[in-house]
Every structure is written in C-alpha cells, then in structure tokens.
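Structure, as structure tokens:
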Amino acid sequence: MLKATRNKQEPFKYSSLGGAEIALVPTKETQQAATPPKLAIDYDKEMEITFWNAVKDSKSKDLLQAYLDRYPSGNFAGQAKNLTDQLAEAAETWDKAKNTSSIDVLEAFAVRYRETFYADLARARIEELKKPHVAMVVPPNAPSSVSPFDGEWAALTNGGSGCKNKRWPLTVLIEGKNMKMIGYRKSGRLAADGAFAFYIPGLENDYALVVGKLAGNSGVGRYKYKSGFCFGTMTLRWRQ
C-alpha cells in the first residue's frame, strides 16, 4: 500500500493484549491491599510496663518482689532482681553501720546505697551526730509512769517519690508508754529503751506504721503506707 499510494497511506495493525485485565483506576481491592494492617495491642505488655513504672523508683523490696512474682520472666526482671539484691545488701550493711558515730562511714554508706531508702536513714543519722547532744533528766520525784521521753516532740517526715506530703511536720505527745499525734486520733506505744511504733494517717482509709527509736533528745524512724506507694523516714526532736 505504501508503494501504491506513494507513501501517503500506511496499513494499520492492531492486536489484543494478553494476560489479566489492567485497571486504569484503583479498584476497592487494590486500595485495601495498599492499607497496612493495624497491629494488635499487646495488653499484657502494656500492663507490665505500667506495673514496672509504678515500682521501679519505690526503693521498696516488697514492691519489686511483687513485680518479680507476677512477671518472673518479664522485660524488667533483671533490673528488678538487681535492685532487690542491692536492697538486701543495704539492709545487712545498715544493721552494722547504724550505731556508728563516724560521719565518714555514714557518708560513704549513703553514697554507695543512694538508690535505697537506707541512704535516707544514714543522712538522718549524720544530721543527728552534727547536733549538740543535751542529756534529758527525769525529775527526782517524778512518778514511775513518767519516762525520760515524756513531753512534746517535733516530728518531720521525709517521704519518697510516691508521697503527696514529702515533708510533713507533726507534733507527737509522749506520756509514759503512750505516743499520740496531736490533732489526730492515731496513737502508738513506746518501750523503755526508746523503741516506738505508732500510726500516721493518710488519704481515705490509708495509714502508715512508723517504727523507730528515740535516743536522748532525738529519734529516727521509718514508715510505709498500707497502699505501698508512699514510704520514707521520720526524724523527731524533743521540745524542751
């Protein structure tokens, strides 16, 4: 045809494309395939993370052990075990160091075990050693019910990260074997050697038991609320 028409016309060729259909506009199926599937939420993992965040800074062996009991092979089990071991070591070392009069020893202890609440006890002991000691005298004609600790004591809490009132001033009244917080119904008991245990209130039905010892004009104790998320130390000083 090219020869007959002097290259003015060219024959047209066409054929069909084989294979599957080619869509020029995206179909519903291709749109669905392009959308990445939603990943399922691992609620167990989320609960473990929440649990760990609640106890990791508590400095409480009981709370850390609660995490290990619930997640023995958890993502943070190694850290929890290291912290509980450190707390156990700090408790054993503190039993040997708590009665020392060496400020250097106590300061070294506070630095080594700074991640535990025993460091707070060491610092409180240092503060007591730095203060002048004044001997308390029982009046010679005082009845047997009167102890050398009778009177009002100024108490101050030093709470941990979970406490709403980290530093809470209180007044404690001692009469013989009885200890009572002025302004509250909570009370406790005092032994002849100065060992004491009494309760302090908290929010709603929560409360804490303070356990410690008085010596001379001062004392120190530890407390932990029933809820477990607030704990710390308390220092006491006799008001002359």
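The values are calculated or read from the model by the stated rules, or taken from the named source; none is laboratory data. A quick note: this is a predicted structure, and the numbers were derived from the prediction, not measured. Methodologically, a virtual Cβ is constructed for each residue, glycine included, from the backbone with ideal geometry; neighbour enumeration extends over all protein chains shown.
Considering the range 110-121, the residues that are assigned to a helix (DSSP H, G or I) and touching a residue at least 40 places away in the same chain (Cβ under 8 Å) include one that is farthest from A215 (Cα to Cα), namely D120.
A quick yes/no check of all residues on (1) closer than 28 Å to K130 by Cα; (2) in contact (Cβ under 8 Å) with a residue 40 or more places away in the chain; (3) part of a loop (DSSP other than H, G, I, E, B); (4) of a type in the set (S, T, Y):
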{"site": "L156", "(1), (2), (3), (4)": "yes, yes, no, no"}
{"site": "K164", "(1), (2), (3), (4)": "no, yes, yes, no"}
{"site": "A192", "(1), (2), (3), (4)": "yes, yes, yes, no"}
{"site": "F198", "(1), (2), (3), (4)": "yes, no, no, no"}
{"site": "K213", "(1), (2), (3), (4)": "yes, no, no, no"}
{"site": "G221", "(1), (2), (3), (4)": "yes, no, no, no"}
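Might you let me know whether the range 177-194 holds any residue that is more than 25 Å from R125 (Cβ to Cβ), in contact with an Asp or Glu (Cβ under 9 Å, 6 or more places away or on another chain) and of a type outside the set (F, W, Y)? Looking through the range 177-194, at least one residue is more than 25 Å from R125 (Cβ to Cβ), in contact with an Asp or Glu (Cβ under 9 Å, 6 or more places away or on another chain) and of a type outside the set (F, W, Y). Residues in the range 205-231 that are touching a helix residue (DSSP H, G or I) at 6+ places or on another chain (Cβ under 7 Å) and within 19 Å of T171 (Cβ to Cβ) were compared, and the one that is surrounded by the most Cβ atoms within 10 Å (Cβ to Cβ) is V220. For the range 141-150, the condition of being surrounded by 13 or more Cβ atoms within 10 Å (Cβ to Cβ) and modelled with pLDDT of 80 or more holds for at least one residue. Quick check on my filter: what residues within the range 161-212 are of a type in the set (G, A, S) and over 27 Å from T116 (Cα atoms)? Scanning the range 161-212 gives G176, G183, S187, A191, A192.
Residues in the range 56-84 that are free of Cβ contacts under 8 Å to residues at least 60 places away in the same chain and within 19 Å of A122 (Cβ to Cβ) were compared, and the one that is surrounded by the most Cβ atoms within 10 Å (Cβ to Cβ) is L83. Candidates are the residues of the range 82-109 that are touching a helix residue (DSSP H, G or I) at 6+ places or on another chain (Cβ under 8 Å) and not in a helix (DSSP H, G or I); the one that is nearest to V55 (Cα to Cα) is K98. Would you check which residues across the range 223-240 are in a strand (DSSP E or B) and closer than 13 Å to F117 by Cα and list them? Scanning the range 223-240 gives Y223, K224, F231, G232, T233, M234.
If you go through the range 166-199 and keep only what is of a type in the set (G, A, S) and either out of contact with any Lys or Arg (no Cβ under 8 Å at 6 or more places or on another chain) or exposed (fewer than 12 other Cβ atoms within 10 Å of the Cβ) (or both), you end up with G176, G183, A192. In the range 85-100, the residues that are under 17 Å from E115 (Cα atoms) never reach a residue that is part of a helix (DSSP H, G or I) and among the polar types (S, T, N, Q) with C-beta atoms less than 7 angstrom apart, at least six apart or across chains. So is A124 in contact with a Ser or Thr (Cβ under 9 Å, 6 or more places away or on another chain), crowded, with 19+ Cβ neighbours inside 10 Å, assigned to a helix (DSSP H, G or I) and at pLDDT below 85 or not? So A124 passes the test.
Taking the criterion of being polar (S, T, N, Q) and modelled with pLDDT under 85, would at least one residue in the range 88-96 satisfy it? No, there is no match, as no residue in the range 88-96 is polar (S, T, N, Q) and modelled with pLDDT under 85.
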